[in-house]
Amino acid sequence: LFRIQQLMGFQFTNQAKREFKKNVNNRFNRSKPFQRIDFESIGERVKTMNIIGNAEGYLLMIKALESRANIVNSNEECITFLNLSISKYEEILSSNTNNKVALTNCAKTLYLLDKESRRNNLSSSSSHTSFAPFQFNSLRINRANEYFLRAIDLDPTDPFVLFEYARFNQNCLQFELAEEYYLKTLEADPNYVDALNNYGLLLQEQFKDINNAEKFFIRASKVNSINVQPNNF
């Protein structure tokens, strides 16, 4: 705990310190992360990183997806959670325009919101027009694209950001751009399993390149098998 305080600039409350000492064998319980009330103060470094704000935005996005998965709910609740998530990320970006995590996650949430809003409009319309994929004719999608590019400018070799932008372009039917950024992702991290699988699917379904697609599927399978091997040490 002392090491965390030194590195991150946290000052924990006495109650948080007592709880930390009680849980000697499981000090970082993911189901019970630190909350704002656990901190007496937060150093400038952490304020800049906006760890808590990013976590809140991400959790709201997860709530939105869980709500959408529940067929009992209309997607109005999902849209509400997505708007709240975007508000959290925009709040971070208003004080730190170069927060790469907030830019990337806000971009992801913007295109989810665009999708859900169009689905909602379609369901309330008497028209039988089929649901269209993402297109670059929406203010939200243009904003998402801008945020992704800003995040990439900040760190052109971050495989997570590159992968999310590749997937975004694939959703928008920009298949050449999707291919370019899947390859950039794999250049940054050759063992990025999701990128290997997604690029394999892109080659198979859009470019009809079955032979090369199979090579990427095999690579993904090999990486997965290495990752799940038991640790004998």
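The numbers here are math on the coordinates, done by the rules we state, and not lab data. In this text, all values refer to a predicted model and were calculated from it rather than measured experimentally. Glycine gets a Cβ as well: all are built from the backbone with ideal geometry, and neighbour counts include every protein chain shown.
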Overall form of region 140-233 per C-alpha gyration tensor (a/c, 1.5; a/b vs b/c): oblate
Links that overshoot a 26 Å alpha carbon limit, given the list Lys100/Lys215; Lys63/Lys115; Lys115/Lys215; Lys100/Lys184; Lys63/Lys108: Lys100/Lys215; Lys115/Lys215
Ordering of 160-168, 60-68, 218-226 by packing [mean C-beta count within 10 Å, highest first]: 160-168, 60-68, 218-226
